[in-house]
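First the structure, in the form of structure tokens, and then the observations on it.
The values are calculated or read from the model by the stated rules, or taken from the named source; none is laboratory data. Predicted model, so just to flag it, every value in this text is computed and none were measured. Here the Cβ positions follow ideal geometry from the backbone for every residue, glycine too, while neighbour counts run over all protein chains shown. In case anyone asks, the SASA skips ligands and DNA or RNA and just uses the protein heavy atoms, side chains included. Shrake-Rupley method; radii C 1.70, N 1.55, O 1.52, S 1.80 Å.
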Amino acid sequence: MSKKNSKTPVYLKPFHKTKYSYEKLKVCKKCHAFSILGDKTCPDCGKPDLIPVEEQAARNAKHSMHTAVLIAVCIGLLSIFLSNSFLQMALCGIVTIVLIGVLWIVQRNVLDTESIRALDKLFYANQKNVQDGIIEDYKAAIDNWDTDKQRCYEMLREIGTLLHNDMMRLRQLTLLQTFLLRKDMDLELEPLLVRKYEPVLVDYIGELAKIKRDLIKDRTFQYIMAFEPEIMGQEQGLDILTAVAGAAVRMKHYVRSYAGFVRRYAYNLPKDRFLRLYQMIEQYPNEDWGRLSEEVMRIYTEKYQWDPDFQQKSQRGHSI
Ligand SMILES: [Zn+2]
């Protein structure tokens, strides 16, 4: 059975990205356990009381504001109670009402700032609980490793928004390599880049270079170039390096930045990628392409000189 056939077709759930990674974190109103997984049901106590940490922080901020209003009301009532005359009583009543009104307006204006402060406080006071919650989430994800790889990957992907380490990334990459990857899948690459040379990551990059070129950006080119000799030595290494060079041809910025790399694999590029590279160099003759332009012209003369597709010199290629 070929390597490709042993892969499983999966339909991954779309990954919902948030502006801040903590937005994914939830806290249980009952037992105060934290979790990044789960929608409403607390994984710790099983109660449907899981709410986003931001919501909890806003509740905490409102709670302290209500306490301040309550104190103001008490002081006001006390002053009315201790008044000697009706006039004093009325004055105290008016002053209290005005003060509460001002307090209410001020509080309404600072609610957002207070909520952020409350969120900071929440994290600071619960560092250990947050850590424990993420570890529990991780354990729950790994429980699916043998039985439901798709679920396991989806869970790890969620946890990966808050837990950044190479072990997490390698686990996800290992799972991804068991799936039949498709263009329409919600895949990611840069968050999965690890520090060392890892064939499983290189294989994944090689596949993306064919099906989702737009995910290959500067950091990935730099990773591939850092480990070029190692990749060359691995199975299908040349194919992977060529596919990555083909992905660089997508944009002028990448071809310019990694001209030496593109030059080394230009000869092996499939015709469509080479055509795009050829057109780019033709279109910008004054650009400093280094030795890449010579190599492209040499390949053109050797392989495509009589190819009609190469004759429309002014044809503009789009970013593909
Ligand atoms: Zn709970």
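Among the trypsin sites (Lys or Arg not before Pro) within region 200-308, those in coil by DSSP and having at most 13 neighbouring Cβ atoms inside 10 Å are 291.
The trypsin sites (Lys or Arg not before Pro) of region 138-205 meeting both criteria, a DSSP state outside H, G, I, E and B (loop) and at most 15 other C-beta atoms within 10 angstrom of the site's C-beta, are 182, 183, 195, 196. Coupling constants for region 35-48 follow from the phi torsions by the Karplus curve (6.51 cos²θ - 1.76 cosθ + 1.60, θ = phi - 60°), and in residue order they are 7, 9, 9, x, 8, 10, 7, 6, x, 8, 9, x, 7, x Hz; glycine and proline get x.
Listed by chain and number, the lysines whose alpha-carbon sits under 19 Å from that of residue 212, ignoring those within fewer than 8 places in the same chain, are 4, 7, 13, 17, 183, 252, 271. Cross-link partners of residue 62 among aspartates and glutamates, defined as those whose alpha carbon lies under 14 angstrom from its own and excluding same-chain residues fewer than eight positions apart: 54, 112, 114. Any number yet on Rg/Rh for region 198-320, C-alpha, Kirkwood? That ratio equals 0.96.
Measuring nothing but protein heavy atoms, the accessible surface of the chain at 1.4 Å probe radius is 57 percent carbon and sulfur.
For q values of 0.11, 0.12 Å⁻¹, compute log₁₀ I(q)/I(0) with the Debye formula on a Cα-only model of the chain, without solvent. For the chain at q = 0.11, 0.12 Å⁻¹, log10 I(q)/I(0) is -0.84, -0.92.
Couplings for region 263-271, taken from phi via the Karplus curve 6.51 cos²θ - 1.76 cosθ + 1.60 with θ = phi - 60°, read 4, 5, 10, 4, 5, 8, 4, x, 4 Hz in order; Gly and Pro are left as x. Compared with the dominant principal axis of the Cα atoms in the chain, helix 237-248 is inclined by about 70°. Taking a Cβ cut-off of under 13 Å around residue 69, the surrounding Lys, Arg, Asp and Glu residues balance to a net charge of +2, with basic ones at +1 and acidic ones at -1. Using a simple spin-label model with pseudo-atoms 7 Å out from Cα toward Cβ, residue 225 and residue 77 lie 7.2 nm apart. Report summary: the helix-based calculation at 222 nm, which adds -39500 (n - 2.57) for every DSSP H run with n ≥ 4 and divides by the residues of the chain, gives -18000 deg cm²/dmol. If R0 equals 25 Å, the separation of the Cβ atoms of residue 257 and residue 194 corresponds to a calculated FRET efficiency of about 0.70. Relative to the longest principal axis of the Cα atoms of the chain, the long axis of helix 86-125 makes an angle of roughly 30 degrees.
Estimated at 0.36 nm per residue, the fully extended path between residue 87 and residue 123 surpasses their Cα-Cα distance by 8.0 nm. A 1.4 Å probe run over the chain, with the rest of the protein chains in place, finds 58 Å² accessible per residue.
The length gained by stretching the chain between residue 47 and residue 236 to full extension, at 0.36 nm per residue less their Cα-Cα distance, is 63.0 nm. Approximating the spin labels as points 7 Å out from Cα along Cα→Cβ, the residue 305-to-residue 16 distance works out to 6.1 nm. Between the alpha-carbon centres of region 124-193 and region 10-68 there is a gap of 19 Å.
Under 5 Å between amide hydrogens, built in the peptide plane, is the criterion, and for residue 180 it picks out 8, 10 among residues at least 5 positions away or on other chains.
Between the helical axis of 199-211 and the longest alpha-carbon principal axis of the chain there is an angle of about 80 degrees. Taking all C-alpha pairs of region 25-131, those more than 22 Å from each other amount to 50 percent.
GNM on the chain, alpha-carbon springs under 10 angstrom: the most fluctuating residue among 297, 89, 168 is 89.
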